[in-house]
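K.L.:
One structure, as structure tokens, below. Some questions next.
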Amino acid sequence: MSTAWPSIEFRVNGDQKSVSVPPMKRLLDVLREDLRLTGTKEGCGEGECGSCSVRIDGELVNSCMVPVLQAQGSCIETVEGLSANGEMHPLQKAFLACGGAQCGICTPGMLMAATHLLAKIPSPNIAEIREGLAGNLCRCTGFIRIFDSVVASIADSSSTSVRQAGNAR
Amino acid sequence: MRGDPEAHHLVAPSSLDGVLSLLAREPGEWTPIAGGTELMVAYAAGRLNSKKLVNLWGLRDLRFVASCSESISIGAGSTFRDLRADSTLSKEFPLLAKAASWIGSIANQSRATLGGNLVNGSPAADSSPALLVYDAEVELISLRGKRRLPYSEFHTGYKRNVLAADELLYSVHLPKRFSQHRQYLRKVGTRRAMAISKTALSACALLEQGVVREIRLAAASVAPFPTRLCRTEEAICSQAIGPETMRAARAAVLAEVAPIDDIRSTAEYRRAVTANLLQEFLTTLLSGSENR
């Protein structure tokens, strides 16, 4: 069946995008297949693991649970939007420095959940970090290095850019 | 098998009236979808039977928290993040705010709606025990008008409710008369975050000189749908809290709950732990310690 799907428009990392896809297609699949933004990963596909975390209009969401039609008119932030001018985001640097990334599948989601956390709470305590990342599963690190990475990124002198990135809605 | 996006229609009327008109025109044909935290799981697994879905996400008429002197009204499209963020609700109805805080993860709370939690009707629904002890009313809407009924009458069986084919859950109303009540909510799951409850107990009670003047108890995961524990309440009401009442309460709750064995727990464990939770609540009444 060849159907001309209506176009759905939204912004991704500041760029205006328009896609003509079935409205029930998952935002995750549109990002990866139609927009070739493969940083966002699929883990469980049922909202348990957080690998596909992105931000929509400043809210953290699992992109596997969003029919793309529901993203119409929204501003989406993905992991590809974290670095700027070839420079890694302080969170990315901290994950590298602290061993917060191992196999890497959970990492984009962890980074987006951490970005969201720091946007809401610029200096979270460890309990707040644990809650902020509770929806993101990692099978490699045992989580401690990930928590350490978030703490290290806050301590980083360039933490102003953390806040700037976090405030981008 | 994966969900096939081309096999499902999804339409997004721009207003609540538009949705209600569609439901009235083709009653039973359309499945409403809000935050998708339930339906998209079934969809991804290729077991979403509904071929025609109508979008509720983003409808402003369904997303509000309105407070007046006597009650608070919550639009069915409000997310659990909305509930956590509302200071009046957190102050007046702390059990509901607490339940909202442990529904899934932050990413789930930003999408999952109160209405979705109730209409989905899981026996383990996190918001239900709190709503039941707060004497919540639900308001339903269709082109025919609105109607209100106690939330305790909303569920009629496992994943069944009173909604007609052309109706939506519109809002939930909570009367503001629990500020003097001692309140309790505890969920027992496999881990603290992201777990579906093996059992959960919610309670509120009004004491006068050590005697229970009023008590409401509700539980999740111990019956085909979240339920008030009225016979257990009767065993406690008008009694002084002491060893005898504790024993009677345990016996009553063990007789009243009807849990099952499933992938998350066993009936035996659920019965024992539900009775322990009740005892924990009654013990807090005895000691005068703070809300959990």
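K.L.:
What whole number of Å gives the distance from the Cα centroid of segment B:227-247 to the Cα centroid of segment A:6-83?
P.N.:
51 Å
K.L.:
About the Cα centre of segment B:5-55, how large is the charge dipole given +1 on each Lys and Arg Cβ and -1 on each Asp and Glu Cβ? Please answer in debye to the nearest 20.
P.N.:
100 debye
K.L.:
Let me ask another. According to a simple spin-label model (label point 7 Å from Cα along Cα-to-Cβ), what is the distance in nm between residue B:120 and residue A:96?
P.N.:
3.9 nm
K.L.:
Students often forget the sequence filter, so: which aspartates and glutamates lie under 14 Å Cα-Cα from residue A:17 once same-chain residues fewer than 8 apart are removed?
P.N.:
Partners within reach: A:9, A:33, A:34, A:77.
K.L.:
On a 0 to 90° scale, report how tilted helix B:267-287 is relative to the longest principal axis of chain B, with both axes built from alpha carbons and the result rounded to the nearest 10.
P.N.:
So the inclination is approximately 60 degrees.
K.L.:
Convert each backbone phi in segment B:96-107 into a coupling constant with the Karplus relation 6.51 cos²θ - 1.76 cosθ + 1.60 (shift: θ = phi - 60°), then list the ³J(HN,Hα) values in order as whole Hz, x for Gly and Pro.
P.N.:
5, 5, 5, 4, 4, 6, 10, 7, x, 9, 4, 5
K.L.:
Mean separation of Cα pairs under 8 Å and 6+ residues apart, divided by the residue count of chain A: what relative contact order is that in percent?
P.N.:
23 percent
K.L.:
Can you tell me what share of the DSSP beta bridges in chain B is antiparallel? A percent to the nearest 5 is fine.
P.N.:
So the antiparallel bridges in chain B amount to around 85 percent.
K.L.:
Continuing with this model, one more query. In segment A:12-142, with Lys and Arg counted as +1 and Asp and Glu as -1 at Cβ, which of these residues, A:19, A:99, A:110, has the Cα nearest the positive end of the dipole, that is, farthest along it?
P.N.:
Positive-most Cα among the choices belongs to A:99.
K.L.:
Can you check what the net charge comes to around residue B:212, using other residues whose Cβ is under 14 Å from the Cβ of residue B:212 (Lys, Arg +1; Asp, Glu -1)?
P.N.:
Combined, the nearby Lys, Arg, Asp and Glu give -2.
K.L.:
For residue B:111, what is the net charge nearby, where nearby means another residue's Cβ is under 15 Å from its Cβ and Lys, Arg count +1, Asp, Glu -1?
P.N.:
Once all neighbours under 15 Å are counted, the net charge is -2.
K.L.:
Let me ask another. Just rank A:56, B:74, fewest to most, by other beta-carbon atoms within 10 angstrom.
P.N.:
Sorted ascending by nearby Cβ count, the order is A:56, B:74.
K.L.:
So if I place +1 on the C-beta of Lys and Arg and -1 on the C-beta of Asp and Glu, and nothing else carries charge, what would the dipole magnitude of segment A:90-167 be about its Cα centre? I want it in debye, nearest 20.
P.N.:
Computed about the Cα centre, the dipole is about 100 debye.
K.L.:
Over 22 Å between Cα atoms, which of A:120/B:176; B:52/B:159; B:91/B:159; B:159/B:198 qualify?
P.N.:
A:120/B:176; B:91/B:159
K.L.:
Quick check: from the Cα gyration tensor, does the protein assembly as shown come out rounded (a/c under 1.5), prolate or oblate?
P.N.:
Because a/c hits 1.5 or more and a/b fails to exceed b/c, the protein assembly as shown counts as oblate.
K.L.:
Oh, and also: Taking the beta-carbon count within 10 Å as an exposure proxy, list B:173, B:9 from fewest neighbours to most.
P.N.:
Ascending number of Cβ neighbours within 10 Å: B:9, B:173.
K.L.:
Between A:67, B:3, B:108, whose Cα lies farthest towards the positive end of the dipole of the protein assembly as shown when Lys and Arg beta carbons carry +1 and Asp and Glu beta carbons carry -1, centred on the Cα centre?
P.N.:
Value computed over the given set: B:108.
K.L.:
First select every other residue whose beta carbon is under 9 angstrom from the beta carbon of residue B:176; then total the charges, Lys and Arg +1, Asp and Glu -1.
P.N.:
Net charge in that neighbourhood comes out at -1.
K.L.:
Report, in deg cm²/dmol and to the nearest 500, the calculated mean residue ellipticity at 222 nm for the protein assembly as shown, where each DSSP H run with n ≥ 4 adds -39500 (n - 2.57) and the sum is divided by the residue count.
P.N.:
One gets -9000 deg cm²/dmol as the mean residue ellipticity at 222 nm.
K.L.:
With θ set to phi - 60°, apply the Karplus curve 6.51 cos²θ - 1.76 cosθ + 1.60 along segment A:29-37 and write out the HN-Hα couplings as whole Hz, x wherever there is a Gly or Pro.
P.N.:
Values per residue, Gly and Pro as x: 6, 5, 4, 6, 8, 8, 9, 6, 9 Hz.
K.L.:
Pop a pseudo-label 7 angstrom from the Cα along the beta-carbon direction at both residue B:176 and residue B:153 and give the gap in nm to one decimal.
P.N.:
Each label point lies 7 Å from its Cα, and together they span 2.6 nm.
K.L.:
Take the Cα radius of gyration of chain B and divide it by 2.2 N^0.38 Å, with N its residue count; two decimals is plenty.
P.N.:
1.03
K.L.:
What residue among B:231, B:270, B:216 has the largest mean-square fluctuation in a Gaussian network model of chain B, using Cα springs under 10 Å?
P.N.:
Comparing B:231, B:270, B:216 in the GNM, the peak value goes to B:231.
K.L.:
Share of antiparallel DSSP beta bridges in chain A, in percent to the nearest 5?
P.N.:
Given both bridge residues lie in chain A, the antiparallel proportion sits at roughly 90 percent.
K.L.:
Magnitude of the Cβ-charge dipole of the protein assembly as shown, K/R +1 and D/E -1, about the Cα centre, nearest 20 debye?
P.N.:
Computed charge dipole of the protein assembly as shown: roughly 480 debye.
K.L.:
Could I ask something else about it? Go ahead and set up a Gaussian network model of chain A, Cα springs under 10 Å, then flag whichever of A:135, A:109, A:14 fluctuates most.
P.N.:
A:14
K.L.:
Please list, or write none, the aspartates and glutamates whose alpha carbon is within less than 13 Å of the alpha carbon of residue B:98, excluding same-chain residues fewer than 8 places away.
P.N.:
Of all the aspartates and glutamates, those that pass the test against residue B:98 - Cα under 13 Å, at least 8 places apart if same chain - are B:82, B:86, B:126.
K.L.:
On to the next question. Would you mind checking which residues have amide H under 5 Å from residue B:71's amide H? H placed 1.01 Å from N; only 5 or more apart, or other chain.
P.N.:
It is B:176, by chain and number.
K.L.:
Further, regarding this structure: What percent does the relative contact order of segment B:5-55 come to when contacts are Cα pairs within less than 8 Å and at least six residues apart?
P.N.:
Normalised by residue count, the contact order of segment B:5-55 is 57 percent.
K.L.:
Where in segment B:24-63 are there trypsin sites (Lys or Arg not before Pro) that are in a DSSP coil and have at most 13 other Cβ atoms within 10 angstrom of their Cβ?
P.N.:
B:47, B:51
K.L.:
Taking 8 Å as the Cα distance limit and 6 or more residues as the minimum spacing, I'd like the relative contact order of chain B as a percentage.
P.N.:
14 percent
K.L.:
Still on this structure, I have one more. Under a 10 Å cutoff between Cα atoms, tell me which one of A:106, A:44, A:75 has the largest fluctuation in the Gaussian network model of chain A.
P.N.:
A:44
We did not get these values from a lab; they are worked out from the coordinates using the rules stated. Values in this document were obtained by computation on a predicted structure and should not be read as measured data. Every residue, glycine among them, receives a Cβ derived from its backbone with ideal geometry; neighbour counts consider all protein chains shown.
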